[in-house]
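Got a structure for you, written out below as structure tokens; questions coming shortly.
Readers should treat all values here as calculations from the given coordinates under stated rules, not as data from a laboratory. None of these values were measured; they are calculated from a predicted model. FYI the Cβ positions are ideal-geometry reconstructions off the backbone, even for glycines, and counts take in every protein chain you see.
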Amino acid sequence: MRNLFKDMPESFRQTISACAPLLVVIILFALVGKFGVTKVIEIRSKIVAAENSVATLTQKLNLLQTISSTVASGAPLANSALPSQNPSLAVSSQLKTLAGQDGVLVSSVKSTTGGVSVSGLHEADVSFLADGTRQQVFKLIEDMATIAPVTVINEIRMSENAGALRAEVSAKSYWADLPKTIPAVDAAITDLTQDEKETLGKINALVQPQFTEVTASQSAGTNSSPFGE
Amino acid sequence: MAVKLNLLPPELSVSKSLGNLLKTVRVLGVIGIAAFLVFTIGIVAYFIFSTYSLNGDNANLTKLKGQVTAQQQSEQQIVLLKDRIDKISAILKPANSLSNLTAVEPTLSVLSDTASINQMAINSTSVDLSVTIQTNSDLSSYLKAFESSDAFVTLNLTSFNLSPKTGYSVEITATKK
């Protein structure tokens, strides 16, 4: 090999020795450039993704910290307005309370399970008869829109005789399954929009059902002989 | 005076033009090596700096994830709240019978105690109302109240009877806007 190089003409040898470093540099530029630039682009994209996630999480954390009081008070009320189980019992209870307040005689309260809408809303059909004066019955029906669970008047039939009005009212109440998933930790969440805040205001204004909790008897123990003397 | 002597054997000499060209190529080679070193050092420095920055971001991210996870109850509540609000909005959006009842109420409030509702059927789109009215003033007020109301888009007087015993029987079908 050395002899082969020595046997070459001097001009050719000098050309090779002058061009070799330049050629090597060009090859190294290509190799290091390809590897290095690829790595730099890769790490830049990771940094951009990490910075985006940090920005999203910071915004999410700030929102969760600032909104927590609104949400903590609003969520139970919203869940009461649209419960996760059939609200017929609560609606009947509310109806009886309203009837007592408005001085209306409510009878024949019936409740049946209705259909399921596309948006996952289950319907409960509630019907009843209301007897009273015109003002009393009208007030009762109007008050139905102010109770939780949310109740919508579907149809009303009325007849009046000697100042006594009887109304046959058909209403719908709703329930829906609870959300089954929450977003991923690094997924963004948004604050309540103006429309959502208005709806939350309406929900907050709804009259909540009052249930009395039956507590267990204080006297502990069981009767050892319930059929005995 | 300086004398230029070429002591190289003639077979080792190269032409002057080739010699100049090779000199330029050698200079370019040196510049290339210097540029390559600067480039390599730059890339390595940038890579180290970026790795350091990425590690910092990742540490910050882990810390934030922990803080967000600690707020999971609030997140669950906001998801529940938004879900409920969306669904309740969908329930309250369509027209219902109550708006028709509130629309027809002012027309009934003008009647005296002698007038009574025979039949009234209200749904989300229309009101069918049959009223017995005994006095002319009640009849006039009743019809004027309907006329002045802008709650209904159509009003059809479907029946109008006068009985000496019970008075006027007026049946109206009103359709909401």
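A:V185's amide H: which non-local residues (gap 5+, or another chain) put their own amide H closer than 5 Å, with H modeled 1.01 Å from N in plane and none for Pro or chain starts?
Residues meeting the amide H criterion: none.
I need the phi-derived Karplus couplings for the stretch B:59-66: 6.51 cos²θ - 1.76 cosθ + 1.60, θ = phi - 60°, integer Hz, Gly and Pro marked x.
These are the phi-based 3J(HN,Hα) values: 5, 5, 5, 4, 5, 5, 4, x Hz.
Using all C-alpha to C-alpha distances in the protein assembly as shown, build P(r) with 10 Å bins and read off the rounded percent in each one.
4, 14, 15, 13, 10, 8, 7, 6, 5, 5, 4, 4, 2, 1, 0, 0
Starting from the Cα gyration tensor of the stretch B:1-131, take the square roots of the eigenvalues, sort them a ≥ b ≥ c, and report rounded, prolate or oblate (rounded when a/c is under 1.5, otherwise prolate if a/b is larger than b/c, else oblate).
Working: a/c = 9.72, a/b = 4.00, b/c = 2.43.
Prolate, because a/c is 1.5 or more and a/b exceeds b/c.
Of B:L111, B:S89, A:Q135, which is farthest towards the positive pole of the protein assembly as shown's charge dipole, taken about the Cα centre with +1 and -1 on the beta-carbons of Lys, Arg and Asp, Glu respectively?
Going by the Cα projections, it comes out as B:S89.
Still on this model: Considering only B:T51, B:I133, B:V170, whose Cα is most displaced toward the positive end of the charge dipole of the stretch B:27-177, charges sitting on Cβ of Lys, Arg (+1) and Asp, Glu (-1)?
B:T51
Before rounding to the nearest 500, sum -39500 (n - 2.57) across all DSSP H runs of length at least 4 in the protein assembly as shown and divide by the residue total; then give [θ] at 222 nm in deg cm²/dmol. Each step should come with its number before you reach the end.
Numbers: 9 runs with 217 residues, N = 406.
Rounded to the nearest 500, it is -19000 deg cm²/dmol.
May I ask you to list the lysines whose Cα is less than 24 Å away from that of A:K110, ignoring any residue fewer than eight positions away on the same chain?
Qualifying lysines at Cα under 24 Å: A:K96, A:K139, A:K172.
For chain B, with the dipole built from +1 on Lys and Arg beta-carbon atoms and -1 on Asp and Glu ones, taken about the Cα centre, which of B:A70, B:S99, B:L37 lies farthest toward the positive end?
B:L37
Of the cross-linked pairs A:K202/B:K65; B:K144/B:K165; A:K34/A:K60, which ones have a Cα-Cα span greater than 31 Å in the structure shown? Intermediate values should be presented prior to the final figure.
Values: A:K202/B:K65 34 Å; B:K144/B:K165 24 Å; A:K34/A:K60 39 Å.
Correct reply: A:K202/B:K65; A:K34/A:K60.
Separation between the A:F29 and A:Q101 pseudo-spin-labels, each 7 Å from Cα along Cα→Cβ, expressed in nm?
Those two pseudo-labels are separated by 8.5 nm.
On the first, second and third principal axes, largest extent first, how far apart are the outermost C-alpha atoms of the stretch B:97-176 in Å?
35, 18, 18
Let me ask something else about it. With θ set to phi - 60°, apply the Karplus curve 6.51 cos²θ - 1.76 cosθ + 1.60 along the stretch A:169-185 and write out the HN-Hα couplings as whole Hz, x wherever there is a Gly or Pro.
10, 10, 10, 10, 10, 9, 8, 8, 4, 6, x, 8, 10, 10, x, 4, 4
Also: Post the alpha-carbon centroid distance, the stretch A:47-61 to the stretch A:120-180, in whole angstrom.
49
Take the Cα pairs of the stretch B:19-93, get the Kirkwood Rh, then feed it into Stokes-Einstein at 10 °C and 1.306 mPa s and tell me D in µm²/s. Don't skip to the answer; put the middle values down first.
On the way: Rh = 18.2 Å.
The calculation lands on 87 µm²/s.
Would you work out the charge dipole size for the protein assembly as shown about its Cα centre, treating the Cβ of every Lys and Arg as +1 and the Cβ of every Asp and Glu as -1, and quote it to the nearest 20 debye?
Approximately 2880 debye in magnitude.
Please report the spacing between the Cα centers of the stretch B:79-116 and the stretch A:24-43 in Å, no decimals.
Each part reduced to its Cα centre gives a spacing of 72 Å.
Summarise the partner chain shielding of B:50-63 as one whole number: the mean count of Cβ atoms from other chains within 10 Å of each residue's Cβ. Before the final figure, lay out the partial values.
On the way: counts 7, 4, 0, 6, 7, 1, 3, 9, 5, 1, 6, 9, 0, 2.
Partner-chain Cβ atoms within 10 Å, mean over residues of B:50-63: 4.
Now for a separate question. Starting from the Cα gyration tensor of the stretch A:1-75, take the square roots of the eigenvalues, sort them a ≥ b ≥ c, and report rounded, prolate or oblate (rounded when a/c is under 1.5, otherwise prolate if a/b is larger than b/c, else oblate). The partial results should precede the final answer.
Details: a/c = 13.62, a/b = 8.65, b/c = 1.58.
Since a/c reaches 1.5 and a/b is larger than b/c, the shape of the stretch A:1-75 is classed as prolate.
Just to verify a number: FRET efficiency for B:N118 and A:L178, C-beta to C-beta distance, R0 = 51 Å, to 0.05?
On the way: r = 47 Å, r/R0 = 0.92.
Efficiency computed from Cβ-Cβ geometry: 0.60.
Ok, one more. Could you check which residue among B:L101, B:L18, B:L139 shows the biggest mean-square fluctuation in a GNM of chain B with a 10 Å Cα cutoff?
Taking springs between Cα atoms under 10 Å, the residue moving most is B:L18.
Given charges of +1 on the Cβ of Lys and Arg and -1 on the Cβ of Asp and Glu, with all other atoms neutral, how large is the dipole of chain A about its Cα centre, in debye to the nearest 20? Mind showing how you got there, number by number?
Numbers: 18 positive and 21 negative charges, 268 e Å.
That gives a dipole near 1280 debye.
Straight-line reach from B:K4: which lysines have a Cα under 30 Å away, not including same-chain ones fewer than 8 places off?
Within the straight-line limit of under 30 Å, B:K4 reaches these lysines: A:K6, B:K16, B:K23.
Sort B:156-164, B:55-63 by the packing proxy (mean of other Cβ within 10 Å over each peptide's residues), most packed first. Before the final figure, lay out the partial values.
Numbers: B:156-164: 10.6, B:55-63: 14.0.
Those peptides, ordered most packed to least, come out B:55-63, B:156-164.
Excluding residues fewer than 8 places away in the same chain, name every one of the lysines whose C-alpha is closer than 25 Å to that of A:K39.
In chain and number order, there are no partners.
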